[in-house]
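Taking it in order: structure first as structure tokens, then the write-up.
The values are calculated or read from the model by the stated rules, or taken from the named source; none is laboratory data. Fair warning: this is a prediction, and the values are worked out from it, not measured in the lab. Counting neighbours? That spans all protein chains shown, and the Cβs are built from the backbone with ideal geometry, glycine included. Heavy atoms of the whole protein, side chains included, go into the accessibility calculation; ligands, DNA and RNA do not. Shrake-Rupley method; radii C 1.70, N 1.55, O 1.52, S 1.80 Å.
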Amino acid sequence: MAGRSFLGGPTERLLSRKGYSEFGWNSSDGNVDRVKGRCFRSCSDSIVNFWNGLQETSVKLYEMGRSDPRKIVFAAKMGFSLSLVSLLIFFKEPLRQTSQYSIWAILTVVVVFEFSVGATLNKGFNRAIGTFSAGALALGIAELSILAGKFEEIIIVISIFLAGFGASYCKLYPPIKSYEYGFRVFLLTFCIVLVSGNNSRTFFDTALYRLLLIAVGAGICLVVNICIYPIWSGEDLHKSVVKNFRSVAKSLEGCVNGYLQCVEYERIPSKILTYQASDDPLYSGYRSAVQSSSQEESLLDFALWEPPHGPYRTFNYPWRNYIKVSGALRHCAFMVMAMHGCILSEIQASPEKRQAFAGELHRVGTIGAKVLRELGDKIEKMEKLGSVDILYEIHEAGEDLQMNIDEKSYLLVNSESWATAPQVKEQEEHMSIIDVKDDEHKVIKSLSDMWDVHNPNMGMDSRTTDLISSESILKKPSWPRLSFTAEALMSQHESKVYESASSLSLATFASLLIEFVARLQNLVDAFQELSEKADFKVPADQQVEKEVTGFWNGLRSCFQSKN
């Protein structure tokens with residue numbers, strides 16, 4: 001036994017290690033196949049995911065080009081400009097020494113060529129001014145450093161520090177923020193001319209050829225961008241303002257109709273709560289107008305650089321008035337946003353109370369949307385307003401809504417509390433000690449519009465009770481301070497509080513709509529100022545009237561002259 005164990009021991013140990021390598025890893029054929037299979041599947045999954053992602057990106061790129069063909073044209077113009085400047089550089093006969101500086105022409109095309117003509121002119125001007133001023137200053141510093149002798153490098157380093165400090169500090173000044181790119185080009189050119197010229201002792205040649213090739217690149221950008229399917233920032237600004245008018249009109253109409261139809265959100269999207277882009281048409285309509293401020297400011301900066309074109313035939317075209325009109329529209333859009341907030345709020349008025357003001361609310365919403373669309377169409381056609389007051393009908397509808405609210409104000413307050421109000425006041429004058437319980441009663445009294453909290457057994461008015469359906473109350477989420485769930489019985493206190501709060505919700509929506517009507521006057525004034533400065537055309541109906549009047553006056557004067 002001992003010998004067999006002695007002889008078999010090493011053999012068993014060797015056999016037991018056949019499936020393992022010297023590093024301790026399993027190296028049997030089955031395990032190797034499984035490892036290879038996992039590696040193959042991992043590689044194949046990565047390839048499939050990459051291919052699927054590439055297909056999705058290709059589809060999105062195709063859809064982007066299909067929705068806005070100007071982007072395809074812009075890309076083609078960029079490629080053509082780069083090819084053209086490269087072709088010009090290959091002609092070495094006129095200026096053989098420019099080949100070593102040819103990179104600046106290519107860089108200028110890449111950096112200066114922008115989507116619109118105004119942006120290209122802005123970039124080109126900044127690059128030209130930065131290059132010219134830096135070149136001239138660098139040449140002066142270079143001559144001074146040469147005269148300094150052994151202190152040449154010290155003067156160059158100190159000059160670069162001062163230039164970097166001054167340019168970096170000045171570009172932070174808000175009024176010259178639009179020239180930030182010019183300051184960057186100034187620093188780049190200043191440093192390159194001094195450093196490279198110091199090594200080769202060709203300060204003047206470096207500055208001259210850099211300026212010359214930058215001018216060539218900028219010129220090619222301008223010629224190609226203006227002469228081949230030009231894209232104008234002013235036209236984009238014009239279309240953006242028109243689009244915002246229609247978006248706010250759609251949101252206004254949708255908010256009023258949704259409120260009257262008692263539209264409820266089962267679950268408010270988190271994107272709306274965090275003010276992000278959402279698919280909700282009511283939300284996305286006014287949000288696009290509110291969020292367009294920065295985009296319109298950028299378009300304005302580029303539109304001011306553009307020459308007269310298309311229907312914008314005058315120099316110093318009043319592009320800033322488009323921003324004023326858009327600002328007045330945004331001021332109205334805030335009211336639409338607040339009305340949408342009434343739809344999203346937890347406490348809602350009952351459908352019966354909404355129907356009491358439905359006719360006037362619907363009329364104001366419909367006419368208000370009509371006014372916005374008409375103003376948007378006038379801007380799109382570049383027409384002035386007609387002889388008829390565009391706000392007459394909406395003002396009349398707003399007054400009718402105010403009159404209806406005044407006549408049916410008992411629906412918005414707790415009418416039975418008016419009789420007990422003097423008693424409550426007398427009791428409050430004799431109170432000297434206020435405890436926590438009295439504080440809670442004061443909160444409830446303020447929400448129920450002076451309801452007598454000291455007489456909790458008082459019954460509700462039958463007329464007001466009929467307007468509130470228990471179903472509409474129980475469907476609403478709980479208010480933070482009180483419980484209105486189906487499991488908890490509502491006391492008369494809680495019923496009164498919820499009734500008053502729900503009535504205030506209706507009053508808030510109506511007051512916001514009336515405030516929207518009041519803000520339309522500022523919008524119309526901004527439009528009229530734009531139409532006068534931009535010299536919008538007279539509407540067609542007024543032109544016909546003038547022509548007819550002129551014809552009859554001419555005919556009558558003809559007969560009078562014969563007589």
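When residues in the stretch 99-110 are screened for being open to solvent by less than 50 Å² (accessible area, probe 1.4 Å), over 17 Å from VAL223 (Cβ atoms) and out of contact with any Asp or Glu (no Cβ under 9 Å at 6 or more places or on another chain), 2 of them pass. When you check LYS537 against the structure, is it open to solvent by less than 10 Å² (accessible area, probe 1.4 Å) and at pLDDT below 90, yes or no? It is false that LYS537 is open to solvent by less than 10 Å² (accessible area, probe 1.4 Å) and at pLDDT below 90.
Rundown of residues vs (1) at pLDDT below 90; (2) at negative phi; (3) among the polar types (S, T, N, Q), yes/no style:
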{"residue": "PRO318", "(1), (2), (3)": "no, yes, no"}
{"residue": "ALA328", "(1), (2), (3)": "no, yes, no"}
{"residue": "CYS332", "(1), (2), (3)": "no, yes, no"}
{"residue": "MET335", "(1), (2), (3)": "no, yes, no"}
{"residue": "GLU346", "(1), (2), (3)": "yes, yes, no"}
{"residue": "ALA349", "(1), (2), (3)": "yes, yes, no"}
{"residue": "GLU352", "(1), (2), (3)": "yes, yes, no"}
{"residue": "GLN355", "(1), (2), (3)": "yes, yes, yes"}
{"residue": "ALA358", "(1), (2), (3)": "yes, yes, no"}
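Do the conditions hold for ILE231, that is, is it of a type in the set (Val, Ile, Thr), on the phi < 0 side of the Ramachandran plot and not in a helix (DSSP H, G or I)? Yes, satisfied.
So, LEU385, is that one farther than 23 Å from ILE343 by Cα, of a type in the set (A, V, I, L, M, F, W, C), within 29 Å of the chain's Cα centre (by Cα) and at pLDDT 90 or above or not? When the stated conditions are applied, LEU385 does not pass them.
How about the stretch 140-165: which of its residues are closer than 28 Å to VAL112 by Cβ and either in contact with a Phe, Trp or Tyr (Cβ under 9 Å, 6 or more places away or on another chain) or not in a helix (DSSP H, G or I) (or both)? Hits for the stretch 140-165 are ILE141, ALA142, SER159, ILE160, ALA163, GLY164. When the residues of the stretch 487-511 are filtered to those that are touching a helix residue (DSSP H, G or I) at 6+ places or on another chain (Cβ under 7 Å) and open to solvent by 30 Å² or more (accessible area, probe 1.4 Å), the one that is modelled with the lowest pLDDT is HIS493. Among residues of the stretch 173-186 that are open to solvent by 90 Å² or more (accessible area, probe 1.4 Å) and basic (Lys, Arg), those with a Cβ under 9 angstrom from a residue that is in a helix (DSSP H, G or I) and modelled with pLDDT of 85 or more, sequence gap 6+ or separate chain, pair up as ARG184/ASN126; ARG184/GLY130; ARG184/ALA167.
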